[in-house]
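Below is one structure; the comments refer to it alone.
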Amino acid sequence: MLILLRTQSEVRLRTVTRLLAAQLVAQPKQAFSTTTSEHYDIIIGGGGLVGTTLAAAVAKNKTLADKKVLLLEGAPEFKGFDGKGPYHNRVSAINSNSIQLFKAIDAWSHIEASRYKPVKQMQVWESNSDALIQFQHENFANGVACIIENDLILDAVYARVKEACNVKVLNRARIESVRLPQDSGCSNSEVTLQDGRQFTCELLVGADGANSVVRKQMGVDVFSLNYERMGLVATLELSDDAGDNAVAWQRFLPTGPVALLPLSEKESSLVWSTTVSHAKELQAMPPEQFVEVLNEAFCRQYPRVDLADKAVQALNAFFGHTSAQHHRQYPPRVCNVKERSRATFPLGFLHASSYVCRGAALVGDAAHRVHPLAGQGVNLGFSDVRYLVESLASGAYAGFKLGDKQHLVKYEQKCLTKNVPIMIGVHGLHTLYSTDFSPVVLLRSLGLQLTQNLPPIKNLFMKQAMG
Ligand SMILES: Cc1cc2nc3c(=O)[nH]c(=O)nc-3n(C[C@H](O)[C@H](O)[C@H](O)COP(=O)(O)OP(=O)(O)OC[C@H]3O[C@@H](n4cnc5c(N)ncnc54)[C@H](O)[C@@H]3O)c2cc1C
């Protein structure tokens, strides 16, 4: 009995000693890391339109279906969209390539079941000369653009994300800092949130907008310009003679373009790019005065450049068009601006010199930002999503790690080939139309009218714009 009791206490003593020894060994480890970090294959930083669409597209891709994805969004959870209340003031002209992407990830039927407006025609015209360009349905080449509320797009892609079993979403999850393999020498990227939580992943995707934390940590050069212009948006009610209101209108004023995008038979969305002081003035105006100034902006006579007018007439005559064949149409009259729908956004240009490094990639406004005059910004972001998912899937299939730079570079090459010409074109248009210097007015009027008269060039432009 005595022998048994002695043996039991020896066993207990040995166990306690082993536990103590194990703790002592563990202590130096704890001194390096006080928090344990969860590991994911892909972390997407930023759950805006582009980041959430990327999460949905990764979840839908068969080759990537076993990858664990974390979507981190700084804002509170998206409340959803019921399509019943007043139209939202943030809308986007979505091109046919983006629509194809939504179809591929099963998000289009969600949008189709709600409210959106296909654009059947476009008219873009000058204020310093008679030059104008009109796009009819047949010029849209491979499909029409649709005007869709941003919240509806987010609702559609978020629904796909929520039903994906390999994607986890964290809201109120603001990324404070990032460590990439190039800084830490580790093979994974690390993310720390403002509340101290930490995560690691093979690939960190920066979808966190123009002030991207991920991009800053990547250390890539950025070319950026502040246009010193604001985009004023608003939801407008139209007078009864708007017809089926399926035309997008844009007039280049000396201060910047003003555009009406159709939402329904009786409502349109406004994007008015103008100087900062003018935008603030417009935002503060009483509604009646705002409506009056807006209607005037679409028909007011600005100082003309006679030479440009003569050149436009000569071009039309050369192509055998009478002025009646090319008559300018005017947009429907605006009769009211929806209460509290006016908001302003700073406009600028940004392009990252590189979209990838080992363990990280950029998509959407984190990589590039353009003037909204051609409705390209988020469409370029959706095309990044398509290219990134294609590259990740082919890399994973070939056995590469997701954060391997060798296959991420292929994503970057595809994006640069597509994005750079469009971004230069949009920036060029902004620059050309930011002056009323006569020779420039002459040049751009000739360009616009020549394009109007040459359907192949017009179709080529439209093809580029549509994706
Ligand atoms: C007036 C106006 C009109 C426009 N019209 C059009 C149009 O007609 N067609 C078109 O194609 N484009 C248009 N654009 C451009 C388009 O709105 C943008 O390109 C698009 O919103 C970019 O989406 P994104 O998801 O890349 O970035 P963002 O919309 O900026 O989203 C970034 C997300 O990341 C989150 N985030 C940021 N930092 C952090 C962080 N540290 N941690 C966690 N989360 C973070 C933000 O909360 C946000 O949800 C327009 C832009 C403006 C200003």
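The values are calculated or read from the model by the stated rules, or taken from the named source; none is laboratory data. The model shown is predicted, which means the values in this text are computed figures rather than measured ones. Heads up, the Cβs are rebuilt from the backbone with ideal geometry, glycines too, and the neighbour counts pull from every protein chain shown. Heavy atoms of the whole protein, side chains included, go into the accessibility calculation; ligands, DNA and RNA do not. Shrake-Rupley method; radii C 1.70, N 1.55, O 1.52, S 1.80 Å.
What to note about this one:
- N316 polar (S, T, N, Q), at pLDDT 95 or above and surrounded by 13 or more Cβ atoms within 10 Å (Cβ to Cβ): no
- Positions within the range 163-192 being part of a strand (DSSP E or B) and within 21 Å of V58 (Cβ to Cβ), in sequence order: V167, K168, V169, L170, I175, V178, S189, E190, V191
Each row is one residue, and each column tells you yes or no for (1) closer than 30 Å to W125 by Cα; (2) within 16 Å of the ligand (Cβ to nearest atom); (3) open to solvent by 10 Å² or more (accessible area, probe 1.4 Å).
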| position | (1), (2), (3) |
| --- | --- |
| S383 | yes, yes, no |
| Y387 | no, yes, yes |
| G399 | no, no, yes |
| L402 | no, no, no |
| Q406 | no, no, yes |
| E412 | no, no, yes |
| T417 | yes, no, yes |
| M423 | yes, yes, no |
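- Leading residue by the ranking (surrounded by the most Cβ atoms within 10 Å (Cβ to Cβ)) among those in the range 236-250 that are more than 16 Å from the ligand (Cβ to nearest atom) and part of a strand (DSSP E or B): L238
- Answer residue from the range 65-94, given it is under 29 Å from E390 (Cα atoms), in contact with a Lys or Arg (Cβ under 9 Å, 6 or more places away or on another chain) and open to solvent by 70 Å² or more (accessible area, probe 1.4 Å) and is nearest to the ligand (Cβ to nearest atom) among those: E77
- In the range 42-64, the condition of being modelled with pLDDT under 95, open to solvent by less than 80 Å² (accessible area, probe 1.4 Å) and not polar (S, T, N, Q) is met by no residue.
Residues are listed down the side, and each one gets a yes or a no for (1) assigned to a loop (DSSP other than H, G, I, E, B); (2) loosely packed, with under 15 Cβ neighbours inside 10 Å; (3) out of contact with any strand residue (DSSP E or B) (no Cβ under 6 Å at 6 or more places or on another chain):
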residue	(1), (2), (3)
T274	no, no, no
K280	no, yes, yes
Q289	no, yes, yes
A311	no, no, yes
P332	yes, no, no
D365	no, no, yes
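- Considering the range 95-108, and only residues there that are in a loop (DSSP other than H, G, I, E, B) and either open to solvent by 20 Å² or more (accessible area, probe 1.4 Å) or of a type in the set (V, I, T) (or both), the residue that is nearest to Q198 (Cα to Cα) turns out to be I105.
- Criterion (surrounded by fewer than 16 Cβ atoms within 10 Å (Cβ to Cβ) and assigned to a helix (DSSP H, G or I)) met by exactly one of L450, L429, L443: L443
- The range 195-221: number of residues that are assigned to a loop (DSSP other than H, G, I, E, B) and either within 22 Å of D404 (Cα to Cα) or near the ligand (Cβ under 8 Å from one of its atoms) (or both): 9
- Among the candidates L380, L408, L388, the residue that is modelled with pLDDT of 95 or more, part of a helix (DSSP H, G or I), more than 14 Å from the chain's Cα centre (by Cα) and within 26 Å of N150 (Cβ to Cβ) is uniquely L388.
- One residue stands out in the range 339-354 among those that are hydrophobic (A, V, I, L, M, F, W, C) and open to solvent by less than 40 Å² (accessible area, probe 1.4 Å): the one that is farthest from the chain's Cα centre (by Cα), namely A343.
- Some residue of the range 147-157 being more than 14 Å from the ligand (Cβ to nearest atom), surrounded by fewer than 15 Cβ atoms within 10 Å (Cβ to Cβ) and farther than 29 Å from L432 by Cα: no
- The set of residues in the range 222-235 that are within 14 Å of the ligand (Cβ to nearest atom) and more than 30 Å from A360 (Cβ to Cβ) comprises R229, M230, L232, V233, A234, T235.
- Output for the range 410-422, where each listed residue is out of contact with any strand residue (DSSP E or B) (no Cβ under 6 Å at 6 or more places or on another chain) and of a type outside the set (K, R): Y411, Q413, C415, L416, T417, V420, P421, I422
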